[in-house]
Every structure is written in structure tokens, then in C-alpha cells.
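Notes follow once the structure below has been shown.
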């Protein structure tokens, strides 16, 4: 199964690691229960669709509180990102990097769940548009327009956060 991708999606949608683990466990049980409903070759899209549905159910049951997301968790485990600048950044560079991570985190948090979701599936999970459409159970055109809007909203949020941080 595709547990890493499932956990990544759930963590970003739920904004809480413990809830993400719970949702992935529920989704895995549902996937095992309904394994006979898998059609075709794309088990990843099928399973991520189940994870997405479990997340949406959990989010609708939640009181609306959104916890802070931890962008550092995305960097951990990604060898390329972990070793970036390993020659020993100067303190100012480290502070700027930390500020940028915080702004990325905040900008993602400001996006509506549907836009955050499509951005995560495309940019972090590197899924194709047709796979995302299968996960979200929407037409491919909806994926494309939602992704375009998500990128625009993310850019606005990120730039707004950076402008607010300037002295």
C-alpha cells in the first residue's frame, strides 16, 4: 500500500499528526474491507481517495479548530532537503530559512482545505492530474482550475506574510 503518501496527505489535510495517523488507520481498514472495489491498476489513487474521504469526514466532525502545521516534518526524511546547505549556513541564512518555513506553513494553512489538498497532491506527492481527479472524484478540468487557484492563493498568502515580516 501507499502509506507514506497517505500519511502525508492526511497530515496536511488534518493539520495534526495524531489525527493523521488515526485517519490513515481508518482508511487502511476501509481499503482492506472494500479491496474488491479496486478497479484498474491505480491502487495509489484509489487508496488516497479513501484517505481523502476519511479526512473530509473527520474535518466535518471537527469543531473547526485548525492546528498549526509543521513544515519541518516535510523536510525530515527528504534527503535532498535535509542536506540542502549542509556546508554550514551562517546564522542569518538559518534565520531566513526558518522564517520562510514558517511563512510557507502559514500560507498553506490559510488556504481552504480543497485548495490545500490539490496543491499537496500535485506538488508534494507529484501526482498526475488524472490521478488527482481520481483521488478527489472530480473532473480533470476541476483539478486544473482548482490547482491554478490554489497556486494563486498560496502566492498571495506567502507574499502577504513576507511583506508583513519586513521592517
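The values are calculated or read from the model by the stated rules, or taken from the named source; none is laboratory data. Keep in mind that this is a model prediction, so the values were computed, not measured. All Cβ positions, glycine included, derive from the backbone under ideal geometry; neighbour counts span all protein chains shown.
Here are some notes:
- Residue within the stretch 134-155 that is at pLDDT below 90, in a helix (DSSP H, G or I), touching a helix residue (DSSP H, G or I) at 6+ places or on another chain (Cβ under 7 Å) and surrounded by 13 or more Cβ atoms within 10 Å (Cβ to Cβ) present: no
- The sole residue among 73, 67 that is modelled with pLDDT under 70, within 12 Å of the chain's Cα centre (by Cα) and either farther than 24 Å from residue 156 by Cβ or surrounded by fewer than 18 Cβ atoms within 10 Å (Cβ to Cβ) (or both) is 73.
- Candidate set from the stretch 122-133 (those that are in a helix (DSSP H, G or I) and at pLDDT 90 or above); member that is surrounded by the fewest Cβ atoms within 10 Å (Cβ to Cβ): 130
- Residues in the stretch 156-167 that are surrounded by 12 or more Cβ atoms within 10 Å (Cβ to Cβ) and either in a loop (DSSP other than H, G, I, E, B) or touching a helix residue (DSSP H, G or I) at 6+ places or on another chain (Cβ under 7 Å) (or both): 157, 158, 161, 162.
- Scanning the stretch 10-18 for any residue that is surrounded by fewer than 16 Cβ atoms within 10 Å (Cβ to Cβ) and modelled with pLDDT of 50 or more turns up at least one such residue.
- Scanning the stretch 92-101 turns up at least one residue that is surrounded by 15 or more Cβ atoms within 10 Å (Cβ to Cβ), in contact with a helix residue (DSSP H, G or I) (Cβ under 9 Å, 6 or more places away or on another chain) and at pLDDT below 85.
- Flag for residue 118 being more than 18 Å from residue 160 (Cβ to Cβ), at pLDDT below 90 and assigned to a helix (DSSP H, G or I): no
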